[in-house]
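Here the structure comes first, spelled out in structure tokens, and everything after it is commentary.
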Amino acid sequence: MMVFREQSNNLFTPLTIAISDTFLQMKAKPLIFLTVWIFLALFPQLLLNFAFQQPITKMVELSYQIFEARLNNLDFQITEQNSRVIMSGVGAMLTVLLTSVGLVVYIYSVLGDVVSKFRKKLLPRITQSLTEGRKQYVFLLKVVLASAGRILAIPMATAILGGAVGNLLKQPTLQYVSLIVALILFIINLLRYGLAPFVHLALGIVWRPALAASKNYYLTHRLVVSALFGFAVLLPLVVFSLLTNALLNLGVLTRAVGVVLGILQSILRFYMAGVLINFGMNNFIQSAAVAE
């Protein structure tokens, strides 16, 4: 049986403890974390950006132009050349997305073993953690896919259906409303099921009970979960979006500056991964552990 560990009634206590635990672990063994970050997070990200940035950028720019054109002319038609550019960008984006998801799952699997060793008062070794991460990869991937399915299914269906109906009726307002509703549903589902992978890393349970545990924890700790995802997911996204827009407006967003921003964003995401893993291991425990 699985239970929740009550650390404090304070809203931010579980989050601050997870942040502190992550910092102390990285301070104790910086070489392990640095190795994992450089070879599993930074280098692959830079390679993917270098290989696929151009077709994705062209697709985004063209999509924005088409969107503006359709606002001014509902009868606007996409040319064959535009279609090829969009399909090329979609293919590049899917490649980057699938590769990134695979790498992220492996990073979390490796970090899960590293953090677990620390919590058992054992010194982690990079080779052992890489091997253990590979062994646990498929199990974590199943939980991640199940969690993503629960989070994305209804919002995506809402956005697609609303877009299709709005396009059929030539009502852009309906499309905007469906996107807003889909975004709200996405946030709600993220809070409900987003902790499932970290429940799995904490307890080793399969996807069904992990999803149930995540939902049950959210239902009894709504503000705690909201604070966690607000800090670990939303805050970095907002900060880097505002920073990027500010640099664009100032006209100083060069390629070199973009690389530096990408590195800083990678560091922050990596640290937040440790925070999320520690949060899961701090708050999800087996009942036998409580009895002890």
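Only one of Ala232, Ala202, Ala227 is at pLDDT below 95, open to solvent by less than 30 Å² (accessible area, probe 1.4 Å) and within 22 Å of Gly149 (Cβ to Cβ); which?
Within the list Ala232, Ala202, Ala227, the selection yields Ala232.
Considering only segment 245-265, I want to know if a residue exists there that is buried (at least 16 other Cβ atoms within 10 Å of the Cβ), at negative phi and among the β-branched types (Val, Ile, Thr).
Pass one, segment 245-265, residues buried (at least 16 other Cβ atoms within 10 Å of the Cβ): 253, 265.
When the remaining residues are screened for being at negative phi, the result is 253, 265.
This time we only want the ones that are among the β-branched types (Val, Ile, Thr), so: none.
So far as segment 245-265 goes, no, none of its residues is buried (at least 16 other Cβ atoms within 10 Å of the Cβ), at negative phi and among the β-branched types (Val, Ile, Thr).
Considering segment 164-198, the residues that are open to solvent by less than 30 Å² (accessible area, probe 1.4 Å), small (Gly, Ala, Ser) and in a helix (DSSP H, G or I) include one that is farthest from Ala273 (Cα to Cα), namely Gly166. The set of residues in segment 103-119 being closer than 17 Å to Ser20 by Cα and open to solvent by 10 Å² or more (accessible area, probe 1.4 Å) consists of Ser116, Lys117, Phe118, Arg119.
Determine, yes or no, whether Ser109 is in contact with a Pro (Cβ under 9 Å, 6 or more places away or on another chain) and either in contact (Cβ under 8 Å) with a residue 12 or more places away in the chain or at positive phi (or both).
Values: in contact with a Pro (Cβ under 9 Å, 6 or more places away or on another chain): no; either in contact (Cβ under 8 Å) with a residue 12 or more places away in the chain or at positive phi (or both): yes.
In short, no.
In segment 260-286, the residues that are within 17 Å of Ala213 (Cβ to Cβ) form Cβ pairs under 7 Å with partners that are open to solvent by 10 Å² or more (accessible area, probe 1.4 Å) and among the β-branched types (Val, Ile, Thr), at six or more places apart or across chains, as follows: Asn282/Ile17; Ile285/Val3.
For Arg70, are the conditions met, namely being at pLDDT below 90, closer than 29 Å to Gly230 by Cα, among the basic types (Lys, Arg) and surrounded by 12 or more Cβ atoms within 10 Å (Cβ to Cβ)? Here the answer is no, as Arg70 does not meet what is asked.
Taking the stated definitions as given, is Val238 open to solvent by 50 Å² or more (accessible area, probe 1.4 Å), more than 25 Å from Leu40 (Cβ to Cβ) and free of Cβ contacts under 8 Å to residues at least 12 places away in the same chain?
The answer is yes for Val238.
Can you tell me which of Gln77, Gln54 is modelled with pLDDT under 85, in contact with a helix residue (DSSP H, G or I) (Cβ under 9 Å, 6 or more places away or on another chain), surrounded by fewer than 14 Cβ atoms within 10 Å (Cβ to Cβ) and of a type outside the set (Val, Ile, Thr)? Full working, then the answer.
On the way: Gln77 fails: in contact with a helix residue (DSSP H, G or I) (Cβ under 9 Å, 6 or more places away or on another chain).
None of the others qualify; the one that does is Gln54.
The values are calculated or read from the model by the stated rules, or taken from the named source; none is laboratory data. Just so it is clear, the structure is predicted and the values come from calculations on it, not from any experiment. Glycine also receives a Cβ, built like all others from the backbone with ideal geometry; neighbour counts cover every protein chain displayed. Remember, those area values only see protein heavy atoms, side chains included, never the ligands or the DNA or RNA. Shrake-Rupley method; radii C 1.70, N 1.55, O 1.52, S 1.80 Å.
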